[in-house]
Amino acid sequence: MIVENDGIADTLELRRESTLARGEVMGEICHHLAPFQVGEKPVAGDTVIAKDLTIDSLAIMDMVMELEDRFDVSIPMNVVAEIHTVDQLADTILKLHARR
Amino acid sequence: MKSLPTRNSKLALHRAGFASVPAMLDYAAEGETGVTFYNAKGEQLSALPWSDVRQRAHVVARKLIGAGFARGERILITADTWPGFFDSFFGAQYAGLLPVPVSIPVGIGGKEAYLDQLRRQIAASGAVAAFGLDDLAGYLGEAAREFPAVRLHGGMDVLHALPEKPVDLRPLGVDDLCYIQFSSGSTRHPHGVQITQSALMANLAGMTGPAGLDVVVGDRAVSWLPLYHDMGLIGFLMAPLSAQLSIDYMTPRDFARRPMQWLNLMSRNRGTISYSPSFGYDLAVRRGAAQVPADLDLSCWRHAGIGGDMVRADVLERFASTFEAAGFSDKAFIPSYGMAEVCLAITFSPHDRGVSTDTVDRTALAETQRAVPAADPTDDRQARRFVLCGRVLPGHRLEVRAADGKVLADREVGRIFVSGPSVMPGYFGEPEASREVLSSDGWLDTGDLGYTLAGEIVVTGRAKDLIIVNGRNVWPQDIEWAIEAKRLTKNGDAAAFSIDTGEGERVVVAVLARVSGEEARIALARDVAGAVREAIAVDCDVALVPPTMGLPTTSSGKLSRARTKANYLAGLYAPASPSSKPAAA
């Protein structure tokens, strides 16, 4: 009985996760960050958000809020405090989304 | 869920005059009012009548006493706006322990800076336990690791897991301390203000009394202010509690995200008292004006207080005109002045007057330290407008003094000193730092500059180098240190200060550019701004100073931020960062 339930939960989780592709999350993040890029260097996975771009702290907060709304997740403050790069932000959103 | 009532059905409104925090909670718990927590969508999360707050605090107190914590020991608490803070703060009050409320992490990538702050606060307060939001339990553990004195730490589950023992409560009384307020001193060398029960009671009496907000039956408080600041904790928890009011809360984060929810909450729950630094009113206009709900009704807002940063008339005028159609009256504004060293408040503007300003000549102000009325108040280059912040509370005194200690006359600018029953006994465990600001006859050097005008105080700036941005106190040393920590500059090669843009403070960092080539210069400026943003969550402009020029120093060889700023404003240093906006003097 327990095993069966677990199986169903796993299937549901997989199905949910498959509806959100990493590319979609990255696309959304880059869309938010593109106006703040420096020079010709495009926003990429290893871009350090607070450092490599000209985005200010209020705009970062706005972006995180919009991403949370867009993907229906809530990023805990301790997790936010450990995010530095675009990749880390995308992975966090994917992980939380899968866990919904 | 039903919101808690604004009025108590039977309990008479008793305005301050209690002996201690436990005594005022005991009284409020006899009524039906209390605190309600709301989320960013304006939905009610939970509601605690004061009777529940007291009941839960008693349970926590018996657990803490049962766990062997000794009277007077310090308990660090992350002061987010959530019921756990109430449980632990008031639990400590009934257990004879001293709460040490601390902030929560800000922004992305802020972990290391936050851990560093926690460690310094544990060290400065000598805390023996640390409790917080479940999300922060790991951080508390990491910070506490190097402090063997911290016997218990974690989320609220750790506190609730303690057995409740049949012990007697040992509430803090009139001769005890109440808590330790961190908000003064840099995060590198934090000073904890000792808030005593008696000073707090005196300040609450002033705040809720006729010279303060004159709290009456029917008042209801609404607040998004952080509970780790004196304005949030004393102004919007202790003061409403001392008059048995109901309070509606949202978190500072949710306010920053959805400022209109603040006004919606006022309107829906018929709030009458709410405060904000100028920047909060500004945020509400900038991000809320486009989405004002048709049914917003702010005609209930009796006292719209301003404090915590320089009061800005232009911002308040914009707020009033934006929300006039929604029933807001500009007469509701109460510019106020205070600091944690006097618990919270020291002056309040008169009721029903709104913002009263004095426009003075910039040159006379800068060169002769005199506030001479401007010949042409509309000429922004020559005229500077300041807001009158009202009279000192009854039983207290305020003086503006010259450098030699002489008390100055009206319109002469000097340092602001205050004395009276609200003044702190000193910083916790810091006799030397306390002596620097407190005289033996009880006068506090506020570190602020200002002048008097017909009995009211006008604050013109700060004698200290403190920077206030978006309501946050930021010490320039912390900014410079963040840059040095990233090894972007050597010690003493960076000077941080703020400039008044007319709309707020803008942080500027002047750094010695020991690099050559345009690309390297741009990279340095970007890295400096990035380091500051990451460590302090503050945006700054960067000015590159040629190494040959050097940064100005005082006669004793210390970095002079004031002269660096003067040089910058005189155009000696060109802004270098690609993100730099032109400086406005």
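A few comments on the model shown:
- Check on B:PRO476, surrounded by 19 or more Cβ atoms within 10 Å (Cβ to Cβ) and touching a residue at least 24 places away in the same chain (Cβ under 8 Å): yes
- Listed by position, the strands (runs of 3 or more DSSP E) enclosed by region B:147-214 that each have at least 2 residues that are more than 27 Å from B:PHE333 (Cβ to Cβ) and under 24 Å from the mean Cα position of the chain (by Cα) are B:177-184, B:191-196.
- Number of positions in region A:43-52 that are buried (at least 17 other Cβ atoms within 10 Å of the Cβ) and either among the hydrophobic types (A, V, I, L, M, F, W, C) or within 9 Å of another protein chain (Cβ to nearest Cβ) (or both): 5
- Residue satisfying all of: in region B:233-268; of a type in the set (A, V, I, L, M) and not in a helix (DSSP H, G or I); surrounded by the most Cβ atoms within 10 Å (Cβ to Cβ) among these: B:LEU245
- Checked against (1) in the same structural domain as B:SER422 (by TED's automatic domain parsing); (2) touching a residue at least 24 places away in the same chain (Cβ under 8 Å); (3) touching a helix residue (DSSP H, G or I) at 6+ places or on another chain (Cβ under 9 Å), B:ALA326 passes all but condition (1).
- Qualifying residue in region B:271-280 (condition: at pLDDT 95 or above, part of a loop (DSSP other than H, G, I, E, B), out of contact with any Leu (no Cβ under 7 Å at 6 or more places or on another chain) and over 30 Å from A:ALA59 (Cα atoms)): yes
- As a summary of the residue check, B:SER198 satisfies the conditions (1) modelled with pLDDT under 95; (2) over 22 Å from B:ASP116 (Cα atoms) except for the one numbered (1).
- Residue in region B:525-540 that is farthest from the other protein chains (Cβ to nearest Cβ), counting only those that are over 11 Å from B:LYS486 (Cβ atoms) and part of a helix (DSSP H, G or I): B:ALA525
- The listed residues are B:VAL102, B:VAL106, and the only one of them that is under 16 Å from B:VAL150 (Cβ atoms) and of a type outside the set (D, E, K, R) turns out to be B:VAL102.
- Total residues in region B:129-146 satisfying the condition of being part of a strand (DSSP E or B) and among the aromatic types (Phe, Trp, Tyr): the figure is 1.
- Selection within region A:64-91: residues that are more than 7 Å from chain B (Cβ to nearest Cβ) and not in a helix (DSSP H, G or I). The member of this set that is nearest to B:ALA113 (Cα to Cα) is A:THR85.
- Pairs where the first residue, in region B:509-523, is of a type in the set (Lys, Arg) and the second is surrounded by fewer than 18 Cβ atoms within 10 Å (Cβ to Cβ), C-beta under 7 Å, 6+ apart: B:ARG514/B:PRO547; B:ARG521/B:VAL515
- Yes/no for B:ASP404 being of a type in the set (Asp, Glu) and without any contact (Cβ under 8 Å) to a residue 40 or more places away in the chain: yes
- Qualifying positions in region B:247-278 - touching a strand residue (DSSP E or B) at 6+ places or on another chain (Cβ under 8 Å) and under 19 Å from B:SER299 (Cβ atoms): B:ASP248, B:GLN261, B:TRP262, B:LEU265, B:MET266, B:ASN269, B:GLY271, B:THR272, B:ILE273, B:SER274, B:TYR275, B:SER276
- Check on B:GLU317, surrounded by fewer than 19 Cβ atoms within 10 Å (Cβ to Cβ), closer than 26 Å to B:GLY502 by Cα, without any contact (Cβ under 8 Å) to a residue 12 or more places away in the chain and not aromatic (Phe, Trp, Tyr): no
- Index of the failed condition, B:ARG381 passing every other in (1) in the same structural domain as B:ILE457 (by TED's automatic domain parsing); (2) modelled with pLDDT of 95 or more: (2)
- Hey, B:SER336 at negative phi, surrounded by fewer than 16 Cβ atoms within 10 Å (Cβ to Cβ) and outside any loop (DSSP other than H, G, I, E, B) or not: no
- Within region A:53-63, the set of residues being more than 7 Å from chain B (Cβ to nearest Cβ) and in contact (Cβ under 8 Å) with a residue 12 or more places away in the chain comprises A:LEU53, A:ILE55, A:ALA59, A:MET63.
- For region B:120-154, filtering for residues that are of a type in the set (Asp, Glu) and more than 14 Å from chain A (Cβ to nearest Cβ) leaves 1.
- Taken over region A:54-63, the residue count meeting the criterion of being buried (at least 19 other Cβ atoms within 10 Å of the Cβ) and outside any loop (DSSP other than H, G, I, E, B) is 3.
- The residues of region A:20-42 that are of a type in the set (Lys, Arg) and within 12 Å of chain B (Cβ to nearest Cβ) amount to a single one, A:LYS41.
The values are calculated or read from the model by the stated rules, or taken from the named source; none is laboratory data. Treat the numbers as computed from the prediction; the structure is a model and nothing was measured. Cβ atoms come from the backbone with ideal geometry, glycine included; neighbour counts cover every protein chain shown.
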